[in-house]
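For reference, the structure discussed in these notes is given below.
The values are calculated or read from the model by the stated rules, or taken from the named source; none is laboratory data. Every value quoted in this text rests on a predicted model; they were computed, and no experiment measured them. Reconstructed Cβ throughout: ideal geometry from the backbone, glycine too, with neighbour counts over all protein chains shown. Please note that ligands, DNA and RNA were not included when accessible areas were found on the heavy atoms of the full protein model with its side chains. Shrake-Rupley method; radii C 1.70, N 1.55, O 1.52, S 1.80 Å.
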Amino acid sequence: MKVTVRETPKGINIYVPKKDIEAHVIKIEQAGAWGGVFELDNGWVLEFPALEEVPKLPATFEAKVLSK
């Protein structure tokens with residue numbers, strides 16, 4: 001699913017446009033310089049592709065839903 005990731009004063013924020021859901025990242029199991037498994041404050045767990053460089057945010061990514 002496509003999600004938008006942005007940096008806020010409270011940390012990393014994820015927005016899922018098709019579901020109109022916005023949530024904050026509470027835990028990251030990082031893979032590479034950026035990416036890996038992100039746990040959100042709404043209970044969702046998303047997997048992002050591992051990148052060798054930290055991307056400029058805001059950015060849109062294809063994330064895999066591991067659990068809802």
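Calculate the spin-label point distance for SER67 paired with LEU51, positioning each point 7 Å from the Cα along the beta-carbon direction, and give it in nanometres.
Using points 7 Å along Cα→Cβ, the separation is 2.7 nm.
Can you pull the one-decimal nm distance between simple spin-label points at TYR15 and ILE28, each 7 Å off the Cα toward Cβ?
1.9
Considering just Cα atoms, how many Å³ per residue does the convex hull of region 1-64 enclose? All intermediate terms of the calculation are to be shown ahead of the outcome.
On the way: hull volume 4.8 nm³, N = 64.
Considering the Cα atoms of region 1-64, their hull volume per residue is 75 Å³.
Where the accessible area of the chain is counted over protein heavy atoms with a 1.4 Å probe, how much of it, in %, is carbon and sulfur? All intermediate terms of the calculation are to be shown ahead of the outcome.
Working: 2260 of 4420 Å².
Accessible surface attributable to carbon and sulfur in the chain totals 51 percent.
Rounded to whole Hz and in sequence order, give me ³J(HN,Hα) for region 57-67 from the Karplus expression 6.51 cos²θ - 1.76 cosθ + 1.60, θ = phi - 60°, writing x for Gly and Pro.
Values per residue, Gly and Pro as x: 9, x, 8, 9, 10, 8, 10, 9, 7, 8, 7 Hz.
Can you give the relative contact order of the chain as a percent, counting alpha carbon pairs under 8 Å and 6+ residues apart?
31
Note down the net charge around ILE28, summing +1 for each Lys or Arg and -1 for each Asp or Glu among other residues with Cβ under 14 Å from its Cβ.
On the way: positive: LYS27; negative: GLU7, GLU29, GLU39, ASP41, GLU47.
Combined, the nearby Lys, Arg, Asp and Glu give -4.
Whole number in Å², please: accessible area per residue of the chain, 1.4 Å probe, ligands, DNA and RNA not counted.
Values: 4420 Å² over 68 residues.
Here the per-residue accessible area is 65 Å².
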